[in-house]
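Read the structure below first, then the notes.
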Amino acid sequence: MSKIEIIRAESVETIMDIPVVIVGGGGTGLCAALAARDAGTDVLVIERDRQPLGTTSMSTGLIPAAGSKVQIAKGVEDSPEVFANDIIAKTKGKVDQSLVTRLARESAHTIDWLMEDHAIELSLVEGFTYPGHSALRMHGMPTRSGNELMGALANACETAGVDILTDATVDQLYVNAEERVIAIGATRPGGGQDKIGCGALILACCGFAGNQKMVSELIPELEHATFHGHPGNKGHAIAWGKELGASMADLGAYQGHAGLAAGYGIPILWPLIAEGGIQMNKSGERFANEAAGYSEQAVKVLAQEGHVAWSIYDETRHQIMEQFDDYQQAKAAGCLITAQSLDELARKTGIDAGGMTKSVEDSWKLVDSGEIDKFGRSFAGKQKLAAPFYAVRVTGALFHTQGGLEVDDDARVKKTGGGAFPNLYAGGGAARGISGPGADGYIAGNGLMTATTLGRLAGTHAAAMVINND
């Protein structure tokens, strides 16, 4: 990570002054930029890459929301209260419940705003619910791709007149005696630096999953995990926060994933498990409740021989997966194994045939009985696995961290001694998330819900603050 600094100064000679400056051009940054422009201010997004991508581009791009117009049109019964309760239940109450309530209440507004004001073509994901969600509330692009979502957000920013400075890494913040950020320093690839004044600063530079030293220190259980995220996740926001005296929480929290195709780096998404697929090790033994959640399952996969496991499913689940761009990539890459019988599947995968057959037959019995298995999983209401069968070899991965700077209801960064910094905001991976202190509190979409909604709230409030101060 490049050297980052907090420089105390009352004035700075700058090349330009922008009302709202945003560090990071991922989902958080572009949503914040759109909201600031909607509120009537000029805004500059500073992105280290040649184009805005961020962690969002590597996700499915699915955003959960309760009470959106899309849900209502589909007759889905949901509410912010139910959504908030789902999040709180998954974290066992170990979460900032005020922030959860705020985000749940604002989530539908975010979806409607993106669709109606900025022509983002979101639709409701139907046919299954992700573990932890009690209603159909995932909204995504046609290909269910984060890359497609980022392309749409970038187009919307261009239409809205958002300025994006790429190939520039912010490594200095200039802060005055009133704890107000007055400027930033951005380094170019050749080593030159631009100093840019700001009325408000929004940190949208994600977390620290790409900083191995920080991961080893704060999340040691992921020693053998593959990092599958944006390389810009270097922990800049955490480093600045420490020096500024910002309040931080849940730094051991993260989104893991137990379905990264081993050797291919392609996520095999969780609907195939949620709808009745299973995971087993080389001995053909199931080793956990796979359906509890893909984040906490990652460590359990890493504990197996070779730090890998096999996801086993069938044609019914395969058809569900066809809608996802990641799955199409997995098909094209050749990492899916198919067979007309379990014995054939065992030969092709190298899994113990007896163990595999027993695990699958046990799942059939659980479908019939409706009983809860020894891991706490129910197969009630699911179809039995049936030929043709599918398998994919997977490992546990770290996608992104979920702890960070604590923010208030307007996404302003809180101080350790109470109150908030006057013009410093954070969202997405830079901010404390809503997944509790570890991995088991994460439910699908927590990351993008905080990215998009905290981004929108930060941009709106920052713009209003700058306009009122003027």
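Report the semi-axes of the equivalent ellipsoid for the chain in whole Å, largest first, where each axis is √(5λ) for an eigenvalue λ of the Cα gyration tensor. Let's see the in-between values first.
Details: eigenvalues 334, 98, 76 Å².
Each semi-axis is √(5λ); the values are 41, 22, 19 Å.
Just read off the accessible area of ASP368 with the full protein assembly in place, 1.4 Å probe, to the nearest 10 Å². Rounded to the nearest 10, that gives 110 Å².
Considering only protein heavy atoms and a 1.4 Å probe, what is the carbon-and-sulfur percentage of the accessible area of region 89-178? Walk me through the intermediate numbers first.
Working: 1580 of 3540 Å².
Carbon and sulfur together cover 45 percent of it.
Relative protection proxy for 436-443, 334-341, 6-13, 149-156, from highest mean packing down: 436-443, 149-156, 334-341, 6-13 (other beta-carbon atoms within 10 angstrom). A full extension of the chain between ASN469 and ILE372 corresponds to an added length of 29.0 nm, given 0.36 nm per residue minus the alpha carbon distance.
For the chain, the longest principal axis of the alpha carbon atoms and the long axis of helix 80-90 meet at an angle near 70°.
Model label sites at GLU285 and ALA353, defined 7 Å from Cα along the beta-carbon direction, differ in position by 2.1 nm. May I ask for the angle, rounded to the nearest 10°, between helix 353-369 and the longest principal axis of the chain, with both axes built from Cα atoms and the value confined to 0 to 90°? The angle comes out near 80 degrees.
For region 328-407, the share of accessible area belonging to carbon and sulfur comes to 48 percent (1.4 Å probe, ligands and nucleic acids excluded). For the peptides 254-262, 64-72, the ranking by mean Cβ contacts within 10 Å, running from highest to lowest, is 254-262, 64-72. Computed from Cα positions, the angle between helix 27-38 and the longest principal axis of the chain comes to roughly 40 degrees.
So, R0 is 35 Å and r is the distance between the beta-carbons of SER134 and ILE7; what FRET efficiency does that work out to, to 0.05? All intermediate terms of the calculation are to be shown ahead of the outcome.
Numbers: r = 48 Å, r/R0 = 1.38.
That pair, SER134 with ILE7, gives E of 0.15.
Estimated from helices alone, the mean residue ellipticity of the chain at 222 nm is -10500 deg cm²/dmol (sum of -39500 (n - 2.57) over DSSP H runs with n ≥ 4, per residue).
Rolling a 1.4 angstrom probe over the protein heavy atoms, how many square angstrom per residue are accessible across the chain?
Details: 17340 Å² over 470 residues.
Computed with neighbouring chains in place, this is 37 Å² per residue.
The values are calculated or read from the model by the stated rules, or taken from the named source; none is laboratory data. Note that this is a predicted model, so its numbers are computed, not measured. Every residue, glycine as well, gets a Cβ built from its backbone with ideal geometry; the counts of neighbours run over all protein chains shown. Protein only, heavy atoms only, side chains kept; ligands, DNA and RNA dropped before computing areas. Shrake-Rupley method; radii C 1.70, N 1.55, O 1.52, S 1.80 Å.
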